[in-house]
Amino acid sequence: MLTKIKFLTAGESHGKALVGIIQGIPAGLEITKEYINQQLSRRQLGYGRGGRMKIEKDQVKIISGVRHGKTLGSPIAIMIDNKDYQNWVDKMGVEPTEENIRKITLPRPGHADLAGIKKFDFDDIRNVIERSSARETAMRVALGAICKKFLAEANISIQSRVLSIGSVVDNTKLNKSDYSNLNNQVDQSKFRCYNLSIEDDMVRVIDECKLNGDTIGGAMEVVALGLPYGLGSYIQWDKKLNAIIASLMLSINAFKSLTIGSVGNVLGSEYHDEISWDKDSYSRDSNSAGGIEGGMSNASPLVLNMSMKPIPTLSRSLKSVDINTKATESAHKERSDTCAVPAASIIAEHMLSFAIADTMLDKFGGDSIKQFKAHLKASAQY
């Protein structure tokens, strides 16, 4: 559903590297590997992460599309080495092997395992695990960071926070001014939550899950500030901003729901955001719509709420069936996090960046940053 920004990722969880290509970023955008690495380090934050985070310290290599710190307008290719590959050379080597590599034959409930082997006619679940793993989202964050940097040229920022871990909920209501510096504040929290007083409760929930060999999910909020009127369109279903956002957000591993704005059993007269005129612009006293009306941005903060299911890889295995013998056994165990909700909120930020960058370029155009800014300035009155 993206029309101006195109991106692809490649690579397996324990393969040599993750590779990504993004096309459509205008020429002249200042970008450095240090900026991208900073965003990648945020993805590795959070209490409840597994042993993989102690191994991988993700660092990008910019291969093409950037010269002397500025984009060229051509496709940008980047790579992230998997340090853990050195422990998986035999299992994940590219060349044919004569070694007897043990096949995984016990699919995990809730994962891509069973559907994946049926779809691709595999007899080894390892072939599914490696690509369906959330390790791939590191590259989405890296590519999305380029989009975030582009959006900063239009004074658009994307912030996020964790709303809940299991039954522990942060009910703090934030206003527009609270959101402006939200990332800097919640990144200091091991859970990326605004209300630090509930951190101990979150620790207890995760520690209990880990002790019992279980996992736990939660919810998060992502907010985009500074959007103009008219990103997206009502003229076709695939041009609606909410549809574009939903396709990206629900592609994130383990994400199960998306809400834009607020929902509830209220009357229309109570729900809809009344319009006022304030000196030289329209204003709203509320934001139930969450920044989108009729499939378009309405210049209010874009507010998204997403839920993430518990990670389906449990050390206390669930019941499964061996794909060869059809015997009932415990599902395969794989190294995993107990909780990845804080990291997921970072991934969500960067997936939203693709949607906003794409619709900004669709509306304003420009082959260079200079042209884009000129178009943006010329359209400011609208």
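What follows is calculated from the coordinates using simple rules that are stated; it is not laboratory data. Since the structure is predicted, the reported quantities are computational estimates derived from the model, not experimental observations. Neighbour counts are summed over all protein chains in view; Cβ atoms, including those assigned to glycine, are modelled from backbone coordinates with ideal geometry.
Here are a few things to note about the model shown:
- The trypsin sites (Lys or Arg not before Pro) found in region 89-139 that occupy coil by DSSP, while having at most 15 further C-beta atoms within 10 Å, are Arg102, Lys103.
- Remark on Ala27: its backbone amide H falls under 5 Å from those of Gly73, Ser368, Ile369, a criterion applied only to residues 5 or more positions apart or on other chains, H modelled at 1.01 Å from N.
- Computed from Cα atoms, the angle from the helix 341-364 axis to the main principal axis of the chain rounds to 50 degrees.
- For region 1-80, trypsin sites (Lys or Arg not before Pro) are listed when DSSP marks them as loop and at most 15 other Cβ atoms sit within 10 Å of their Cβ; the list is Lys57.
- Whichever aspartates and glutamates have a C-alpha closer than 12 Å to that of Lys363, once near sequence neighbours (fewer than 8 apart) are set aside: none
- Under 12 Å of direct C-alpha separation, and excluding same-chain neighbours fewer than eight residues apart, Lys373 reaches these aspartates and glutamates: Glu153.
- When the P(r) of region 57-200 is calculated, the portion above 20 Å amounts to 69% of the C-alpha pairs.
- In region 210-347, lysine pairs closer than 27 Å at Cα, eight or more apart or cross-chain: 13
- In the chain, excluding the sites themselves, the longest stretch lacking any of the GluC sites (Glu not before Pro) that are in a DSSP loop with at most 11 other Cβ atoms within 10 Å is 100-273.
- Other-chain or far-sequence residues with amide H under 5 Å of Ile63's (modelled H): Ala77, Ile78, Met79
- Qualifying trypsin sites (Lys or Arg not before Pro) in region 163-210, DSSP loop, other Cβ atoms within 10 Å at most 12: Lys173
- Taking the average, over residues, of other Cβ atoms within 10 Å as the packing measure, peptides 228-238, 295-305 rank 295-305, 228-238 from highest down.
- For Lys176, a cut-off of 15 angstrom between C-alpha atoms picks up these aspartates and glutamates, skipping any fewer than 8 places away in its own chain: Glu221, Asp285.
- R0 of 25 Å, Cβ-Cβ distance Lys91-Asp121: FRET efficiency to nearest 0.05: 0.80
- Taking the longest Cα principal axis of the chain as reference, the axis of helix 33-43 is set at about 70 degrees.
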